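Reading through the structure tokens given below for one structure.
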Amino acid sequence: MWCCDRRAFLAGLAAFALSGCRFEPVYGPGGGGRALMGTVRADDPVSRTDFQFVAALEERLGRPVAPRYALAYRITRDEVETGVIRGIGSSRIQLRGRLDFTLTETASGAQVAQGRVEADSAFSTTSTQLATLAAAEDAELRLMRMLADGLVTRLMTEPGLRDG
């Protein structure tokens, strides 16, 4: 039976596999993570969900100190009743959110990235009105954070957004 150090073999195999797929850490040299920190200015929020989204985005990317990119976005949200109880109504509401975005370089006006990010969240309606309202607000906040996370992940992996 052939015996060797499996850890060394697996580490070598992983290094070989990662070098073949051109893996680059997002926050490493040339990664897209540092290129976006403090450089993305989102459109001014006009609704509560917009405020929640922009706040979540600024938590991840920092406040725009030297805005290099302008982010135009549109958030749409749907509510779907799930878990319907006969004679009572729905016991759970699912929130589906969609973020359509365009990232533009402010100096040149060139469009750098565009696309759509989707996420969903849910809350229960089986408690008191106050508890249901609080759960709905929390689900909406979670949804905006998930959309911001999805956008940041998408932007950090865009090939055109690298440190120069």
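The values are calculated or read from the model by the stated rules, or taken from the named source; none is laboratory data. Keep in mind that this is a model prediction, so the values were computed, not measured. As a convention, Cβ positions derive from the backbone with ideal geometry for all residues, glycine included, and neighbour counts pool all protein chains shown. All accessible areas refer to the heavy atoms of the entire protein, side chains included, with ligands and DNA or RNA removed. Shrake-Rupley method; radii C 1.70, N 1.55, O 1.52, S 1.80 Å.
Rolling a 1.4 Å probe over the heavy atoms of the protein chains gives region 75-164 an accessible area of 57 Å² per residue. Figure legend: label point modelled 7 angstrom from the Cα of Arg86 along Cα→Cβ; no residues of region 104-127 have amide N under 11 Å from it. Taking the average, over residues, of other Cβ atoms within 10 Å as the packing measure, peptides 143-152, 106-115 rank 143-152, 106-115 from highest down.
Length gained on full extension, Asp44 to Gln94, computed as 0.36 nm times the residue gap minus the Cα-Cα distance: 15.3 nm.
Give, as a single signed number, the net charge of other residues whose beta carbon lies under 12 Å from the beta carbon of Gly38, with Lys and Arg counted +1 and Asp and Glu -1. Provide the component values of the computation, followed by the final result.
Working: positive: Arg34, Arg41, Arg60, Arg63, Arg68; negative: Glu58.
Surrounding charge for Gly38 is +4.
Counting protein heavy atoms only, region 95-139 has 47 percent of its accessible area on carbon and sulfur, 1.4 angstrom probe. The simple spin-label model puts a point 7 Å past each Cα toward its Cβ; for Arg77 and Met37 those points are separated by 3.1 nm. Near Leu95, within a Cβ-to-Cβ distance under 13 Å, what is the net charge of the other residues, with Lys and Arg +1 and Asp and Glu -1? It works out to a net charge of -2.
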